[in-house]
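Accompanying notes for the structure given below.
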Amino acid sequence: MTLFKQSMLALAAGTLAAGLLAFVAPGFQADAATDTAVNAAKLQPVSAFAKIKSKNERSVALFQEVGKVIQSPRCMNCHPATERPTQTDRMRPHIPLVVRGEGGVGAAGGLACSTCHHEANFDAANVPGNPKWALAPAEMAWQGKTLGQICVQIKDKQRNGGKDMAALVHHMAEDELVGWGWNPGGNRTPAPGTQKQFGELFKAWADSGAVCPKG
């Protein structure tokens, strides 16, 4: 496909998205595509936790730091409590109406995620994109749960896609869709810190015994 055709398809998707917004929710105004927001929230380095003598307490503290990313809108929007994703920093229900469907890419016969979300962010229409764009499976829902509950869920192979700890570390530190959280485009606030810092903290948590916060 030529670059011109790709550009025309992206423009058409953005126009379609804007049209759907106007049709589905009269009076609703999409967030303006402004300069990319900068998240003032920082992540502490792994070295900051070395002073905690208790291994268990250090492990919990590391996961609480990891939780700054996990509980940010960039992650939570794609791990909804219902079949419908949320969007924007305010985590409002997705407009237009879409649901998870098979494989997390939209319901059969309904609106597929790829209708508007392509392989890259399309900032002209403030539409995010990534080659792996999809909702997390229902068993990986995080919204409405405490950080401790999310922690237990992440470690559970029955609910994390069968990943052992090494696979989880790799996923958090290297996965492209996870990495989108720090490059969300438009006026969306990036996840705190960087994916590299996040991966280092997650690995340190795993190496310290992967202890979960209580509650």
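The values are calculated or read from the model by the stated rules, or taken from the named source; none is laboratory data. What you see is a predicted model, and the numbers here were worked out from it, not measured in a lab. With ideal geometry, Cβ positions are generated from the backbone for all residues, glycine too; neighbour counts draw on all protein chains shown. Please note that ligands, DNA and RNA were not included when accessible areas were found on the heavy atoms of the full protein model with its side chains. Shrake-Rupley method; radii C 1.70, N 1.55, O 1.52, S 1.80 Å.
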How many residues, within segment 151-177, are under 22 Å from K68 (Cα atoms) and touching a Pro at 6+ places or on another chain (Cβ under 9 Å)? 4
Is there any pair with a first residue in segment 149-168 that is within 16 Å of A138 (Cα to Cα) and part of a helix (DSSP H, G or I) and a second that is of a type outside the set (A, V, I, L, M) and open to solvent by 40 Å² or more (accessible area, probe 1.4 Å) whose Cβ atoms are under 7 Å apart and which are 6 or more apart or on different chains, and what are they? Q153/R159
For segment 45-99, give me each residue that is of a type in the set (D, E, K, R) and over 17 Å from the mean Cα position of the chain (by Cα). K51, K53, K55, E57, R58
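Yes or no, residue by residue, for (1) out of contact with any strand residue (DSSP E or B) (no Cβ under 9 Å at 6 or more places or on another chain); (2) open to solvent by 50 Å² or more (accessible area, probe 1.4 Å); (3) among the polar types (S, T, N, Q); (4) at pLDDT below 95:
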{"residue": "A50", "(1), (2), (3), (4)": "yes, yes, no, no"}
{"residue": "K55", "(1), (2), (3), (4)": "yes, yes, no, no"}
{"residue": "K68", "(1), (2), (3), (4)": "yes, yes, no, no"}
{"residue": "R74", "(1), (2), (3), (4)": "yes, no, no, no"}
{"residue": "C78", "(1), (2), (3), (4)": "no, no, no, no"}
{"residue": "Q87", "(1), (2), (3), (4)": "no, no, yes, no"}
{"residue": "C116", "(1), (2), (3), (4)": "no, no, no, no"}
{"residue": "A120", "(1), (2), (3), (4)": "yes, yes, no, no"}
{"residue": "K145", "(1), (2), (3), (4)": "yes, yes, no, no"}
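Residues are listed down the side, and each one gets a yes or a no for (1) in a strand (DSSP E or B); (2) out of contact with any Pro (no Cβ under 9 Å at 6 or more places or on another chain); (3) in contact (Cβ under 8 Å) with a residue 24 or more places away in the chain; (4) among the hydroxyl-bearing types (S, T, Y):
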| residue | (1), (2), (3), (4) |
| --- | --- |
| E83 | no, yes, yes, no |
| D89 | no, no, yes, no |
| P96 | no, yes, yes, no |
| R100 | no, no, yes, no |
| G103 | no, no, yes, no |
| A107 | no, yes, no, no |
| G110 | no, yes, no, no |
| S114 | no, yes, no, yes |
Residue in segment 172-201 that is least open to solvent (accessible area, probe 1.4 Å), counting only those that are part of a helix (DSSP H, G or I) and closer than 17 Å to V127 by Cβ: G181
Taking the condition open to solvent by 40 Å² or more (accessible area, probe 1.4 Å) and either modelled with pLDDT of 95 or more or touching an Asp or Glu at 6+ places or on another chain (Cβ under 7 Å) (or both), does E102 pass? no
